[in-house]
Amino acid sequence: MIIALSLSMVPAVLDQQNKNAFFHLADPKLTCYDSAQQQTCPQYIFDNFEFYKKVMFDRDEPHLPEGYKQIYSAEALQQVKLIIQKLDDVVDIKSVNESYTINVSKSEIIINAATPMASARAFATLSQLPIMDKQNESDQQSYMIQQTVITDKPAAHWRHYSADACAHYMTIPDIQRIISAASIQKLNVLLLTLSCSHSFPLQFTKYPQSRLVYGSWSPRHFYSHSDLQILQTFAQQRGVVLVPELRIPSQTGSWQFANGQLLADCPVLTAQNVNNFVLNPVKELTYQYIEGMIRETVEGLFGPGIRPVIHLGGELVNFQCWEADREINTYMKEKNITGSQLWNEFASKVNAIIEKINPKIIVVWNEAALNNDNKMTPDAIIHYTVNNNKQKSVNMKIHSIHSINWFLSSMHPGGGHHYFWQETWHDLYRQDPNQGCGDFCLGGGAIQPSNNCYARSCEQHSFDRAIGVSDILWKGKTTNAWGETKRMEMLGCKLDNVGIGNGPLDIGAPCPGYIFV
C-alpha cells in the first residue's frame, strides 16, 4: 500500500512515496563509488556520513544486527550504498547539482547523488528517517525505518546562513558548529563577515595588506589563512562553501589601524558613528590594499574544486565624508563629479582588479549595485537586504539573492507584530525570495549579525527560527507557518542532539534524546 506524500521532512522534500513496511535499522555501514564503480569516494564523504549518524540516532546508538537477532529474532537493515554521478565536480554555487534519490528497501538503502555536495543533502534527509520502535519504546537502541523512495532537489541554488565574526570574535569550533547547523538544514553557503568598522580579524601574509590585521580586536583574535583553509575543508565535508565578506569602501573603520591614509578624513562624522568611515578612493594605496586582499583570499581560500566567491559589501557609503575630506573634495571639484559618480569610479577600478585576479563571482549589497548605477562584472550577484526594485537587476541580467526581512536580529521582521520572540519566525516564513527577479532569482538566506549576541548565544538566537528560511529556499514556496511548527522543531531536536544550540518555537514535549532513568 502506498501512503500519501510525507511532509515530515525539514526542509520538505520534493517527493516521498512510502510503503506500509518497516524494518529494524542497525548501525549503518557506507559504501561509496562513482557511477561506473571505478573510483571510490574521497574520505571526507565517509567522515560526513559518520557525523550524520550522530544526527540520525537521537537516543542511544542502535543495536548491531546481532543484537536485533538476539533480542527480537529479527533481521536488521544496515547497508547504505552511495553512488555519486560526478565525483570530480567543481562546485559552482550558481549551478551546482544537488539532486539525489533515496530508496529504502528490506535489504539495503541506495542513495544516488549527482555530486558530492548532493550526497550531503541526502545524508541530511536520511538522518530524519529513523523512528522509535513503537512496539519496544523502552529499548533506546531499537530503531525502525520505513520503506520509501525519495526524490529531491533544491528550488534555489544559493542558500546561505550569514554569520558575523567581526562584531564579536568566533572561535574555529564556533564556526564549525555553525557550518554543521547549515548542512543539517540543507544550506550550502556560510557567508562569514570578516571585516567591518569594528575589527578586521584576518591575517594576510604579504605587504601591504598584511597590516590590516592590526585592526583585529587583539593580537590573539584573528584568523590566519591556514585557519580559513581548515574551515573551508570542514565546510566541504559538510557540503557547504565558505564565502568571506570583506566590506569595501564603507564599514572600514578598522582599516585606520593599518594606515590612516586609507580612509577619508571626516572626524566630525566618524565621531558620531563608526560606520561613517569610508575608504579614500583617490589614493593609489587604497587599491594596492584591495588588490592584495582579494588576491590572497582567492589564492588561499579556494582550491581547484571550488569556484571562488567573495562578498564585498558596499552599503552605507557616506558621501558627506568624502566631501569633508580636503583631498577628495578637491579631486571631485577638479573632475566636476558628484559623490555618486566617484563611487562609480571606485567600482570600475575594483572591477578591473577583479577581472585581473579572476575570482569569478563577486557579491555586493544592492546599494552598491543599484543606488548609483555602478557597473557590475557579468558573474556578479546582487544581495538584496532592503526593498529595492529587483527589476533593475533583471534588466542588468544579473543574478540576485534575497535577505529582505531575513535579519535574525530584528524583533519584528517584515513589520510583524508577534508578541513572543519565538513566534517571529512566522514573519520570516512569509517572505518570498522569488518575487520580482524571474529567471535571475538565485536564492538567498538569513543574516545573523553578532552585535546583539555572542557566538554560542547567536545559535540560540538563530535556530530554530532560521530553519523556516531554509525550508522556503529548499522547496521554493511559503506556506502557513502555524501548521509547520512541530515539523520545524523536529529538526531543532536534531541540532540539539549534536550540540548545536537552538531555541524552541513553541511549548512542546521533550526531544527524543531527553531520556531520564
Close pairs (6 angstrom Cβ cut-off, 6 or more residues apart or separate chains): within 22 Å of residue 94 (Cβ to Cβ) in the range 216-245, modelled with pLDDT of 95 or more and of a type in the set (Phe, Trp, Tyr) anywhere: 237/44
With the requirement that a residue be surrounded by fewer than 17 Cβ atoms within 10 Å (Cβ to Cβ) and within 21 Å of residue 446 (Cα to Cα), what does the range 143-166 give you? 153
Which of the residues spanning the range 114-143 are in a strand (DSSP E or B) and touching a Pro at 6+ places or on another chain (Cβ under 7 Å)? 132, 143
Hey, residue 96 hits all of (1) in contact with a strand residue (DSSP E or B) (Cβ under 8 Å, 6 or more places away or on another chain); (2) β-branched (Val, Ile, Thr); (3) under 30 Å from residue 407 (Cβ atoms) but one; which does it fall short on? (1)
Looking only at the range 467-505, how many residues end up being in contact with a Lys or Arg (Cβ under 8 Å, 6 or more places away or on another chain) and assigned to a loop (DSSP other than H, G, I, E, B)? 7
Looking at the range 249-354, what helices (runs of 4 or more DSSP H) fall wholly within it and have at least 1 residues that are acidic (Asp, Glu), under 28 Å from residue 229 (Cα atoms) and out of contact with any helix residue (DSSP H, G or I) (no Cβ under 6 Å at 6 or more places or on another chain)? 284-301
Looking at 417, 399, 383, can you tell me which residue is at pLDDT 90 or above and either in contact with a Lys or Arg (Cβ under 9 Å, 6 or more places away or on another chain) or farther than 27 Å from residue 293 by Cα (or both)? 399
The number of residues in the range 404-434 that are charged (D, E, K, R) and in a helix (DSSP H, G or I) is 2
If you go through the range 205-215 one residue at a time, do you hit one that is buried (at least 17 other Cβ atoms within 10 Å of the Cβ) and either part of a loop (DSSP other than H, G, I, E, B) or at pLDDT below 95 (or both)? no
All positions within the range 393-431 that are charged (D, E, K, R) and more than 17 Å from residue 366 (Cβ to Cβ): 423, 427, 430
Flagged in the range 216-227 as among the small types (Gly, Ala, Ser), surrounded by fewer than 17 Cβ atoms within 10 Å (Cβ to Cβ) and in a loop (DSSP other than H, G, I, E, B), in numbering order, are 218, 224
Within the range 178-205, can you find the residues that are touching a Ser or Thr at 6+ places or on another chain (Cβ under 8 Å), among the polar types (S, T, N, Q), touching a residue at least 40 places away in the same chain (Cβ under 8 Å) and more than 18 Å from residue 278 (Cα to Cα)? 185
Residue pairs, Cβ under 7 Å, 6 or more apart or interchain, first in the range 391-404 and assigned by TED's automatic domain parsing to the domain that holds residue 440, second basic (Lys, Arg). List them. 399/94; 400/390
Of the residues in the range 350-376, how many are closer than 21 Å to residue 244 by Cα and surrounded by 16 or more Cβ atoms within 10 Å (Cβ to Cβ)? 17
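This table checks each residue for (1) surrounded by fewer than 18 Cβ atoms within 10 Å (Cβ to Cβ); (2) of a type in the set (Asp, Glu); (3) in contact (Cβ under 8 Å) with a residue 40 or more places away in the chain.
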| residue | (1), (2), (3) |
| --- | --- |
| 44 | yes, no, yes |
| 50 | yes, yes, no |
| 61 | yes, yes, yes |
| 69 | yes, no, no |
| 92 | yes, yes, yes |
Neighbours by Cβ (under 6 Å, 6+ apart or cross-chain): first from the range 466-483, at positive phi; second of a type in the set (A, V, I, L, M, F, W, C) and surrounded by fewer than 24 Cβ atoms within 10 Å (Cβ to Cβ): 476/155
Any residue at all in the range 274-296 that is over 31 Å from the mean Cα position of the chain (by Cα), over 30 Å from residue 127 (Cβ atoms) and at pLDDT below 95? no
Residue 350 being at pLDDT 85 or above and out of contact with any His (no Cβ under 9 Å at 6 or more places or on another chain): yes
Considering the range 97-113 alone, what residues qualify as being outside any strand (DSSP E or B), at pLDDT 95 or above and farther than 19 Å from residue 12 by Cα? 105, 108
Criterion first (in the same structural domain as residue 102 (by TED's automatic domain parsing), surrounded by fewer than 20 Cβ atoms within 10 Å (Cβ to Cβ), of a type in the set (Gly, Ala, Ser) and at pLDDT 90 or above) does residue 12 satisfy it? no
Enumeration of residues in the range 244-280 that are more than 23 Å from residue 363 (Cβ to Cβ) and among the aliphatic types (A, V, I, L, M): 258, 263, 264, 268, 269, 271, 274
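The values are calculated or read from the model by the stated rules, or taken from the named source; none is laboratory data. Since the structure is predicted, the reported quantities are computational estimates derived from the model, not experimental observations. Note: ideal-geometry Cβ built from the backbone for every residue, glycine included; neighbour counts use all protein chains shown.
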